[in-house]
Amino acid sequence: MNRRVLSVTSEYVPLVKTGGLADVAGALPSALAEHDWDMRTLLPAYPGLIARLGDVTQVWADDALFGGQARVLMGRLDAATVLLLNAPHLYDRDGGPYGNPHDFADNPQRFAALSWVAAQIAQSGTSDGWTPEIVHCHDWQAGFAPAYMALCLPSAARSVITIHNIAFKGEAPAAMLGSLRLPIEAFNSDSLEYWGNLSSLKAGLVHADAITTVSPTYAEELMRPQYGFGLEGLLKHRAADFHGILNGVDETQWNPETDPHIARHFNKSTLAHKQHNRTALMAEFGLVACDGPCAIVVSRLTDQKGMDLLVEAIPDFLQAGGCLAVLGSGDPHIEQDLKSLAQSNPGRVGLRIGYDEALSHRMFAGGDLVLVPSRFEPCGLTQLYGLRYGCVPVVALTGGLADTVINATPMALQDKSATGIQFHPVDALAFGQALRRAVSLHQNKKTWTAVQKKGMSQVLGWGASAASYADLYESLIV
Ligand code: ADP
Ligand code: GLC
């Protein structure tokens, strides 16, 4: 008999994605099925999503959900069961999941509604007789669900919240308390109050039965002021219930042997074929042929991701023979700096502002290096994709980047355990030195190939992580 878990998320591959949360939420159901957990995923019915499911059945309804009519429609996608919360007054809008382009003013209500429905389903189940034993909430968007479960809608279900990015705390003015259906008695610093306001993330961290984040190192970092964004005290207080579980790679989507987006398939025995993808990538970005490494960046263009450091450190790398292809979008000032960098280095720096899933696959397939100079990185997925595709990661020593890359020290090169390059502190100087190490490593073909192959041999699938989630769920319900 399968165990039952409801995953509550604002993003889900292949339906809606702005970052790694979507990859993770999309990969969890099949990974957990291996451990006999039947995971259903609840997410908002943004425009066009219902049609993507094909046949749907209505399994829940409320005529007055935060100001309008709401229905939950259940359908299948690949092997997973998806529950779309169809509430047109909240979700039927042009733009991304959170804004167009600025955040929607009623985001607190939009995601409180999602959380409320999760707590309702935990209490009374869906109309086909399915009631979750665990409600697994992702980030601030689902943060109120554990609070509703604890304070308003009691049930036998236990709750887990995963922190993917603590920088977003789901803040809302205290005056919204009533309209968010939160009890006034809980407006104190041990429960809902956060610096005089509300924070759905804090509410989730206080009230969930267990807390996870997406790598062991980030779990430790989060309990320090430098990384905890003011929530370090709370997380330390909850240390016994707080676990770091590393993300995996969805190997059905990210596999250089079968990837439908890339020019030439390869694996570690046919690594020479990667050259074909490299040539195609350089042509696509208008880069002139060079002997040095072709570096790629696929990223949100934000300070978190250290993109300002990239702009500072890259000229020396170009001088040393490297070239760079960047795909991303984000802060206008970073976009502008990158445009200037590309303009002043024609044929050496190529830039695509925007979001393009297929292009990102071609970049990992063709790139020699993937650069991830993040100031903080809960897990990071692009270094994992790099490892899978023989695109050697150059990463800051922080969070999941510290847990997933083995630094090419002389010793690690000698015993052939190295898979990439790490640098610390996270500044332009150390990043520049790391890039110089990458250039000289790339010159020694034998060592270089050994590093690529070691990375490609690393076990990066969801197996171990899914087992950890299954163990955690079970520990909560027995
Ligand atoms: P974060 O979630 O903090 O943005 P991750 O590394 O965990 O960082 O995940 C980012 C995900 O989004 C990866 O799957 C990456 O390939 C993808 N991605 C980021 N920017 C783009 C883009 N401009 N085009 C295509 N994919 C992108
Ligand atoms: C967040 C983090 C990223 C992580 C992703 C998925 O967006 O910034 O490091 O990989 O969530 O957990």
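Each reported figure results from applying straightforward, stated rules to the coordinates on display, with no laboratory input. Only a predicted model underlies this, so the values are computations on that prediction, with no experimental measurement involved. All Cβ positions, glycine included, derive from the backbone under ideal geometry; neighbour counts span all protein chains shown.
Computed values, structure above
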read-out	value
Neighbourhood net charge (13 Å Cβ-Cβ; Lys/Arg +1, Asp/Glu -1) for Lys202	-3
Under Karplus coefficients 6.51, -1.76 and 1.60, residue-wise ³J(HN,Hα) of the stretch 124-129 in Hz, glycine/proline x	10, x, 8, 5, 8, x
Other-chain or far-sequence residues with amide H under 5 Å of Met39's (modelled H)	Val5
Long-range HN-HN contacts of Ser159 with modeled amide H, under 5 Å	Val135, Asp209, Ala210
C-alpha long axis of helix 463-477 to longest principal axis of the chain, angle in °	20
In order through the stretch 316-330: 3J(HN,Hα) via Karplus (6.51 cos²θ - 1.76 cosθ + 1.60), integer Hz, x for Gly, Pro	4, 5, 5, 4, 7, x, x, 9, 9, 10, 10, 10, x, 8, x
Charge-dipole axis of the chain as Lys and Arg at +1 and Asp and Glu at -1 on Cβ define it, positive-most pick from His207, Leu429, Phe144	Leu429
Candidate lysines - alpha carbon under 30 Å from Lys305, same-chain residues fewer than 8 apart omitted	Lys17, Lys169, Lys202, Lys236, Lys268, Lys274, Lys339, Lys416, Lys445, Lys453, Lys454
Per-residue ³J(HN,Hα) for the stretch 2-8, Karplus 6.51 cos²θ - 1.76 cosθ + 1.60, θ = phi - 60°, Hz, x for Gly and Pro	5, 7, 10, 9, 9, 9, 10
Span from the the stretch 232-251 Cα centroid across to the the stretch 84-140 one, whole angstrom	23
Simple Cβ-charge dipole of the stretch 52-163, Lys/Arg +1 and Asp/Glu -1, about Cα centre, in debye nearest 20	120
Euclidean distance between Cα centres, the stretch 383-461 to the stretch 8-35, Å	27
Centroid-to-centroid separation of the stretch 305-379 and the stretch 170-191 [C-alpha atoms, Å]	41
Electrostatic dipole magnitude of the stretch 268-456 [Cβ: Lys, Arg +1; Asp, Glu -1; Cα centre; debye, to 20]	840
The chain, helix-only ellipticity at 222 nm - DSSP H runs n ≥ 4, -39,500 (n - 2.57), divided by all residues, nearest 500	-11000 deg cm²/dmol
Other-chain or far-sequence residues with amide H under 5 Å of His243's (modelled H)	Ile211, Thr212, Thr213
Charged-residue dipole, Cβ positions (Lys, Arg, Asp, Glu), the chain about Cα centre, Debye nearest 20	1260
